[in-house]
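**Student:** Quick one: the structure is below, and I'll ask about it shortly.
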Amino acid sequence: MPQEPDDTSPGQQPPQPLHLFTVDGEAPEDEGDDDQDLEQEGDPDALPRPGLPDVIAHLEEGGATPSMLVGLSDLGREQIADLRPVWAALDDEHKERVLLELIDLAEDRYDMYFGRVFRLAASDPSATIRQRALGGLWDDEGSDIPDLLLATLESDPADDVRIQAAQNLASVATRAVLGELDAPFADRLLAALFAVLDEPAEPLALRRRALEAVAAFGSSPALDRHLLAMYEDDDSGLRSSAVFAMGQTLDPRWYGTVLDELASDDAEVRYEAARAAGHYGDPGGLPALADLATDEDDEVRQAAIAAIGEIGGRPAMRMLQRLAEQAGTDADIDAIQDALAEASVDADPLLLDDEDEQDDVPDDRFDDDERW
């Protein structure tokens, strides 16, 4: 499952009813006005965006308040030049606090873009800061990002930074396979990833991320050899990466193994198996995913819900509607809402209760005879 810098979980809130939304995000006029006014001071949504000089002054005073850091969004080249000496003067702990706040802001605010700040930090002398910066660039599709990540993988002196680069390169590899990147770069990327996989002296954590990235290029004898070796290892992290890679290749030979791993004793493996089953898109996997959607592990449960939505169709929507009736947390409700939206792309909601409509049937590409 995804690794977070901080494993602390927020306290659970009582679940809210499904489909009840506040349209404008504000409390009703007769409720909570005083409290809302008090809370706005720390809410980056509630205040005007500060100018860069104010943000720089805040940083020089040791601050890292979100309502000030929003002023680092959408900086131009000249503004980055002004920020550069200030950033260099900050201590590493302060830089890390700033980057973690920016990552949180970027996840919460789709109108915020801190890519230039993350690029500045990606060349920092501190390996920890470089790693955090690459974490902030994980979904950045800027034209310079593929080369930046590949150069980091090949030459950064810190293993943790290279591991983060390899993790980011999984989405870059997908773009290369889709033809969004030029063929010479795709060839360089494939060669670099296999160079990591083929070197036993490389850290296992790096090799597993390289496997996850290279799997986007599809099955090959070389990939199969590394995938099987990791899958057969006793280390659950390597096994989970192998299962992830199975879902990336979409090779029918792996599908039975993916379904088997939905019942794994290890939560990380179950999580990756759920994601892989969703990628395969076979309605035959829905019953097992429905069972997993009540798993004791929150992330496994929500991965199974997302996979049901990814498979889509009328049976998936009916399944999600039943899950909604027994959802126990707000996070589950949110996951079900997202999955219903995705599943509905392949199903007409008006036909959900039509018993005469034939349910989707399993895809015969995934017959057991084709599995390993």
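The values are calculated or read from the model by the stated rules, or taken from the named source; none is laboratory data. Note that this is a predicted model, so its numbers are computed, not measured. Ideal geometry is used to build each Cβ from the backbone, glycine not excepted, and the neighbour counts take in all protein chains shown.
**Student:** Search the stretch 245-257 for residues being part of a helix (DSSP H, G or I) and in contact with a Phe, Trp or Tyr (Cβ under 8 Å, 6 or more places away or on another chain), and hand back the single one that is surrounded by the fewest Cβ atoms within 10 Å (Cβ to Cβ).
**Tutor:** Among those residues, the one meeting the criterion is Arg253.
Conditions (1) outside any helix (DSSP H, G or I); (2) modelled with pLDDT of 95 or more; (3) not hydroxyl-bearing (Ser, Thr, Tyr), marked per residue:
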position	(1), (2), (3)
Leu238	no, yes, yes
Val243	no, yes, yes
Leu259	no, yes, yes
Arg270	no, yes, yes
Leu286	no, yes, yes
Glu296	yes, yes, yes
Ala306	no, yes, yes
Ala341	no, no, yes
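**Student:** Looking at Asp82, Asp74, which one is in a loop (DSSP other than H, G, I, E, B) and not aliphatic (A, V, I, L, M)?
**Tutor:** Just one listed residue meets the conditions, Asp74.
**Student:** Next question. What number of residues within the stretch 132-170 satisfy the criterion of being under 29 Å from Ser219 (Cβ atoms), surrounded by fewer than 18 Cβ atoms within 10 Å (Cβ to Cβ) and touching a residue at least 12 places away in the same chain (Cβ under 8 Å)?
**Tutor:** Qualifying residue count, the stretch 132-170: 6.
**Student:** Also, I was wondering about something else. Go through the stretch 234-290 residue by residue and tally those that are among the β-branched types (Val, Ile, Thr) and either touching a Lys or Arg at 6+ places or on another chain (Cβ under 9 Å) or more than 26 Å from Ala222 (Cβ to Cβ) (or both).
**Tutor:** The qualifying residues number 3.
**Student:** Can Ala274 be described as part of a helix (DSSP H, G or I), within 20 Å of Met246 (Cα to Cα) and within 21 Å of the chain's Cα centre (by Cα)?
**Tutor:** It is true that Ala274 is part of a helix (DSSP H, G or I), within 20 Å of Met246 (Cα to Cα) and within 21 Å of the chain's Cα centre (by Cα).
**Student:** Which one is farthest from the chain's Cα centre (by Cα), of the residues in the stretch 114-135 that are under 11 Å from Ala158 (Cβ atoms) and small (Gly, Ala, Ser)?
**Tutor:** Filtering first and then ranking leaves Ser126.
**Student:** Only one of these is in contact (Cβ under 8 Å) with a residue 24 or more places away in the chain and either surrounded by fewer than 16 Cβ atoms within 10 Å (Cβ to Cβ) or within 26 Å of Gly309 (Cβ to Cβ) (or both): Gly237, Gly278. Name it.
**Tutor:** Testing whether each residue is in contact (Cβ under 8 Å) with a residue 24 or more places away in the chain and either surrounded by fewer than 16 Cβ atoms within 10 Å (Cβ to Cβ) or within 26 Å of Gly309 (Cβ to Cβ) (or both) leaves just Gly278.
**Student:** Follow-up. I need a count of the residues in the stretch 92-133 that are among the charged types (D, E, K, R), at pLDDT below 95 and assigned to a loop (DSSP other than H, G, I, E, B).
**Tutor:** Summing the residues that are among the charged types (D, E, K, R), at pLDDT below 95 and assigned to a loop (DSSP other than H, G, I, E, B) in the stretch 92-133 gives 2.
**Student:** Further question on the same structure: When the stretch 122-145 is examined, which residues are found to be among the hydroxyl-bearing types (Ser, Thr, Tyr) and outside the structural domain of Glu107 (by TED's automatic domain parsing)?
**Tutor:** If the condition is that a residue be among the hydroxyl-bearing types (Ser, Thr, Tyr) and outside the structural domain of Glu107 (by TED's automatic domain parsing), then Ser143 is the only one that fits.
**Student:** Also, quick follow-up: Considering only the stretch 308-326, I want to know if a residue exists there that is buried (at least 24 other Cβ atoms within 10 Å of the Cβ), farther than 23 Å from Arg208 by Cβ, within 17 Å of the chain's Cα centre (by Cα) and without any contact (Cβ under 8 Å) to a residue 60 or more places away in the chain.
**Tutor:** Scanning the stretch 308-326 turns up at least one residue that is buried (at least 24 other Cβ atoms within 10 Å of the Cβ), farther than 23 Å from Arg208 by Cβ, within 17 Å of the chain's Cα centre (by Cα) and without any contact (Cβ under 8 Å) to a residue 60 or more places away in the chain.
**Student:** Do we have Ala303 as buried (at least 24 other Cβ atoms within 10 Å of the Cβ) and in the same structural domain as Ala327 (by TED's automatic domain parsing) here?
**Tutor:** When the stated conditions are applied, Ala303 passes them.
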